[in-house]
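Every number in this text was worked out from the coordinates using simple rules, so none of it is lab data. Predicted model only: the values in this text are computed from it and were never measured. Cβ atoms come from the backbone with ideal geometry, glycine included; neighbour counts cover every protein chain shown.
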Amino acid sequence: MKLAKRVEQVTPSLTLAIDAKAKALKASGVDICSFSAGEPDFPTPDHILAAAKQALDDGKTRYGPAAGEPRLREAIAQKLQKDNGLCFGAENIIVTNGGKHSLFDLMLAIIDAGDEVIIPSPFWVSYPEMVKLAGGIPVIVPTDEKSQFKITPAQLQQAITPKTKLFIINSPSNPTGMVYTPAELEALAAIVVANDLLVVSDEIYEKLIYDGAQHVSIGALGPEIYERTLVSSGFAKAYSMTGWRVGWLAGPVEIIRAATLIQGHSTSNVCTFAQWGAIAALEGSQDCVESMRVAFAERRQSMFDLINAIPGLSCAKPDGAFYLLPSIAQTGMTSLEFCDALLEEQKVALIPGIAFGADDFIRLSYATDMDTIKRGMERLDKFVRSRS
Ligand code: PLP
């Protein structure tokens with residue numbers, strides 16, 4: 001079979017592959033402790049389920065506008081104004097099949113063959129692959145623990161060439177959990193503006209922040225950066241709605257219109273009754289978001305303490321998302337060797353850092369119950385000790 005060249009360049013999602021393997025082992029009766037999924041383990045809150053069920057009963061089962069239900073676009077615009085100080089109206093919003101799809105729409109809307117996109121590493125697995133699928137060139141800028149895995153203004157400046165079109169920033173970050181401060185964002189914004197680039201701010205973890213950290217959207221830092229900012233987000237992480245596939249892209253009207261054109265010829269509207277669930281998520285009480293956040297905060301502390309007590313592993317304490325990224329540099333193993341052997345010997349599933357461009361690290365998600373965290377960290381401890 002002769003496949004298109006664009007497919008040959010794409011690396012399959014290691015995170016999805018490992019998560020699927022862990023789920024299959026579990027289904028076959030193996031006692032797996034899995035920390036691989038980027039997925040809250042809570043059920044979707046009841047009032048959101050009720051709204052989607054009501055929508056089905058009300059016959060909201062038809063095609064809708066490609067850009068999304070007008071009421072949902074309006075609710076997203078209001079959320080962006082209220083929570084993030086971003087002056088977007090409904091015309092600045094497109095509802096997409098999850099945050100992932102909003103980024104994919106964006107790449108297709110703005111990237112021409114050979115355009116460069118700056119991506120700090122460790123990065124979320126899909127960024128470089130989406131850029132390649134759109135014909136662009138991912139320019140990876142490595143960061144390390146010394147800079148808390150954050151790209152510095154000097155690094156950003158250095159990576160810019162006449163071909164640079166877009167800079168991707170993800171705060172709070174998957175996989176590092178790091179949150180950029182307003183001052184750090186301001187310095188990066190100045191470079192984006194000075195070089196007339198676009199920036200996409202992936203804010204899907206904005207509600208999951210701890211220890212008083214503050215989430216700030218780079219687009220809110222002044223009129224010049226606002227004009228160049230796209231915000232990508234969705235309902236999956238904050239409202240435990242991973243399977244619903246509802247997200248959004250917000251930004252300049254011209255780009256949103258282009259994304260809508262693309263969506264109109266690919267997926268059309270997002271599942272209509274799922275959008276009504278999303279409306280209830282935004283318009284209803286936000287207490288559910290806070291109670292999940294508090295549970296994540298407790299798990300984060302436990303997992304952080306247990307990992308740092310393992311000789312040979314070390315881990316920075318991130319302020320957001322639901323991941324820890326311990327260094328395995330002292331073990332002498334590659335991240336794939338580490339994860340393969342750990343799954344084989346101790347039945348613990350986690351993600352090798354190589355998936356995020358960081359081979360000295362492993363990623364653990366603490367979006368799982370406390371008992372699994374305790375049992376899993378005991379096994380991890382046993383594994384690391386057996387190698388030292
Ligand atoms: N962005 C980041 C950084 C993520 O970690 C994820 C999911 O894991 C997404 C975007 C996409 O989420 P979804 O497509 O489920 O809304």
note = Counting only DSSP loop positions in segment 231-295, the GluC sites (Glu not before Pro) whose Cβ has at most 14 other Cβ atoms within 10 Å are none
query = What's log10 of I(q)/I(0) for segment 113-178 at q = 0.21, 0.22, 0.27 Å⁻¹, Debye sum over Cα points only, no solvent?
reply = -0.83, -0.90, -1.21
query = Where a ≥ b ≥ c are the square roots of the eigenvalues of the C-alpha gyration tensor, would you call segment 51-206 rounded, which needs a/c under 1.5, or, failing that, prolate if a/b is larger than b/c, or oblate?
reply = prolate
task = Just subtract the alpha-carbon distance of A50 and R375 from 0.36 nm times their residue separation and send over the number in nm, one decimal.
result = 113.5 nm
request  = Output the DSSP H helices from the chain with an along-axis C-alpha extent of no less than 30 Å and a mean Kyte-Doolittle hydropathy no less than -0.5.
outcome  = 287-308
query = With the radius of gyration and the Kirkwood radius both derived from the Cα set of the chain, what is their ratio Rg to Rh?
reply = 0.96
query = K53: which lysines have alpha carbons under 23 Å from its alpha carbon, excluding same-chain residues fewer than 8 sequence positions away?
reply = K237
query = How high is the relative contact order of segment 46-283, given as a whole-number percent (alpha carbon pairs under 8 Å, six or more residues apart)?
reply = 30
Distance in nm between pseudo-label sites at K2 and Y63 (7 Å out along the Cβ direction from Cα) = 3.4
Extension reserve of the S314-A297 stretch, reckoned as 0.36 nm per residue once the Cα distance is removed = 4.2 nm
key: Three-way shape call for segment 158-268 based on the alpha-carbon gyration tensor, with the a/c threshold at 1.5   = oblate
task = Select from L86, A134, G114 the residue farthest towards the positive end of the dipole of segment 46-283; place +1 on Cβ of Lys and Arg, -1 on Cβ of Asp and Glu, and compute about the Cα centre.
result = A134
ask   = Which is the longest stretch in the chain that no exposed loop site breaks, taking sites as trypsin sites (Lys or Arg not before Pro) with a DSSP loop state and at most 16 other Cβ atoms within 10 Å?
value = 164-388
key: Set of segment 203-235 residues, backbone N closer than 16 Å to the point 7 Å along the Cα-Cβ line of C87   = 219-229
ask   = Of the beta bridges DSSP finds with both residues in segment 46-283, what % are antiparallel, to the nearest 5?
value = 30
key: Of K165/K207; K82/K207; K207/K317; K26/K317, those spanning more than 21 Å from alpha-carbon to alpha-carbon   = K165/K207; K26/K317
